[in-house]
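The values are calculated or read from the model by the stated rules, or taken from the named source; none is laboratory data. Quick caveat, the model's predicted, so the values are computed rather than measured. Here the Cβ positions follow ideal geometry from the backbone for every residue, glycine too, while neighbour counts run over all protein chains shown. Side chains are part of the model used for accessible areas, which takes the heavy atoms of the whole protein and leaves out ligands, DNA and RNA. Shrake-Rupley method; radii C 1.70, N 1.55, O 1.52, S 1.80 Å.
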Amino acid sequence: MTDRTVRRIHAGGMSTIGIYSHFESKEGLIGAVWAEGFARLLGALDEVTGRGVDLVTGLGARYVEWAVAHPHLYGVMFWRSI
């Protein structure tokens with residue numbers, strides 16, 4: 001997206017004024033999405049069970065599965081892209 005203004009963000013039909021009433025700025029909104037992404041990723045990783053190598057392998061596989069299933073959220077988390 002080349003235009004990175006809040007007006008261009010489709011937040012479930014919420015108006016620009018509605019977004020600003022919840023977040024001080026575009027950066028605040030992005031920060032909230034960033035934090036939510038990590039919370040969801042942690043939740044997905046918490047579901048992995050096992051011990052030793054099986055745990056590490058399971059965590060790696062779940063991480064990749066989650067990233068592929070949530071590319072936009074992953075992008076905000078690691079590249080701060082919108």
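Before moving on, here are some points about what is shown:
- Subset of the range 31-64 (residues that are part of a helix (DSSP H, G or I) and in contact with a Lys or Arg (Cβ under 7 Å, 6 or more places away or on another chain)): 44, 45
- Residue 1 meets each of the listed conditions (1) at pLDDT below 90; (2) in a helix (DSSP H, G or I); (3) of a type outside the set (Val, Ile, Thr) apart from (2).
- Selected residue (criterion: modelled with the lowest pLDDT) from residues of the range 50-82 that are surrounded by 11 or more Cβ atoms within 10 Å (Cβ to Cβ) and among the small types (Gly, Ala, Ser): 81
- Among the residues of the range 33-43, not a single one is more than 13 Å from residue 73 (Cβ to Cβ), open to solvent by 50 Å² or more (accessible area, probe 1.4 Å), modelled with pLDDT under 95 and not hydroxyl-bearing (Ser, Thr, Tyr).
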